[in-house]
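Encoded as structure tokens, the structure appears first; notes follow it.
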Amino acid sequence: MKPLIILNFKVYEESSGRRGVNLARKLSSIRTKGYDVILAPTLPTLSEISHKVKLPVFSQHADPVGLGAHTGQVSVDELKKIGVRGVILNHSERKIPFSTLKKTVELCKKNRLVTVICASSLSEIRKVAHLQPQYVCYEPKELIGGKVSVTEARPNIIVKAVDIVRQASPRTLVLCGAGIHSKADLGLALMLGAHGVMIGHAVPKAANPKKFLQEMLL
Ligand code: G3P
């Protein structure tokens, strides 16, 4: 399995609406033999990007509901119908109560959607790993959006996270995120035992996002 790079578009000006669709199109022409690249666009652009762009698309969130009378909810069943391949759950910017998280993971598994559960501490990593998602992503909240990467600031925690997850759920892989912005950050994450990274601001905010990502993945 190739290392995974998830590009979380969040709701930045540069990655939302038409700009988000154009960004996804540009990024989709990237050449990467060594990595699997996944886009996590804004929710309103998810369907369009999943239909127009070749790269697999994950949702930034999901609610544990099927199709029906659920106003304002992100239905797992609808995500599946529009071609979404996976979901990011419990991101620091979109926390989910544990009982809801559990139901959502179960529904995603039933729908064969890949689950990435975020956690910001070792105790949370341990707790969410027991839900046996495909990925647990360690992201220390205080480093998100900053210039110092998780790999520079918390290398030991990444190693511990890999160990904890291996014990709690041997098939679950670990990702890490927060401040990832260079080839060195990515290389170090893999060296520390992570299976990939989740990147936020660095790509959409780059002067040339495609070139930036291409250089990072060379
Ligand atoms: O999901 C990715 C994330 O929260 C990290 O954001 O901007 O620090 O790369 P950023």
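Could we say that Pro41 is within 15 Å of the ligand (Cβ to nearest atom) and open to solvent by less than 40 Å² (accessible area, probe 1.4 Å) here? So Pro41 fits the description; yes. Applying a threshold of 9 Å to beta carbon distances and a minimum spacing of six or more residues, or different chains, the list of pairs starting in the range 1-23 at a residue that is free of Cβ contacts under 8 Å to residues at least 40 places away in the same chain and ending at one that is of a type in the set (S, T, N, Q) and within 12 Å of the ligand (Cβ to nearest atom) reads Val11/Gln60.
Here is a yes/no grid of residues against (1) without any contact (Cβ under 8 Å) to a residue 60 or more places away in the chain; (2) of a type in the set (S, T, N, Q):
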site: Arg31; (1), (2): no, no
site: Ser50; (1), (2): yes, yes
site: Val57; (1), (2): yes, no
site: Gly68; (1), (2): yes, no
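For the range 158-199, the tally of residues that are in a helix (DSSP H, G or I), within 15 Å of the ligand (Cβ to nearest atom) and open to solvent by 30 Å² or more (accessible area, probe 1.4 Å) stands at 3.
Within the range 74-115, track down each residue that is touching a Gly at 6+ places or on another chain (Cβ under 8 Å), more than 16 Å from the ligand (Cβ to nearest atom), touching a residue at least 24 places away in the same chain (Cβ under 8 Å) and of a type outside the set (A, V, I, L, M, F, W, C). Hit for the range 74-115 is Asp77, nothing else.
Leu143 fulfils the conditions (1) open to solvent by 30 Å² or more (accessible area, probe 1.4 Å); (2) more than 14 Å from the chain's Cα centre (by Cα) except for a single criterion, (1). The set of residues in the range 48-91 being under 17 Å from the mean Cα position of the chain (by Cα) and of a type in the set (Ser, Thr, Tyr) consists of Ser50, Ser59. Quick check on the range 121-157: of everything there that is charged (D, E, K, R) and assigned to a helix (DSSP H, G or I), which residue is nearest to the ligand (Cβ to nearest atom)? Across the range 121-157, the extreme among qualifying residues is Lys141.
For residues in the range 200-210 being assigned to a loop (DSSP other than H, G, I, E, B) and touching a residue at least 24 places away in the same chain (Cβ under 8 Å), which is most open to solvent (accessible area, probe 1.4 Å)? Only one residue tops the list, namely Lys205. Return yes or no: is Leu213 more than 10 Å from the ligand (Cβ to nearest atom) and open to solvent by 20 Å² or more (accessible area, probe 1.4 Å)? Taking the combined requirement at face value, the residue does not satisfy it. Picking from residues in the range 92-130 that are under 17 Å from Gln73 (Cβ atoms) and either under 12 Å from the mean Cα position of the chain (by Cα) or of a type in the set (S, T, N, Q) (or both), the one that is most open to solvent (accessible area, probe 1.4 Å) is Ser99.
The values are calculated or read from the model by the stated rules, or taken from the named source; none is laboratory data. This is a predicted model, so every value here is computed, not measured. Heads up, the Cβs are rebuilt from the backbone with ideal geometry, glycines too, and the neighbour counts pull from every protein chain shown. With ligands, DNA and RNA removed, areas are computed over all heavy atoms of the protein, side chains included. Shrake-Rupley method; radii C 1.70, N 1.55, O 1.52, S 1.80 Å.
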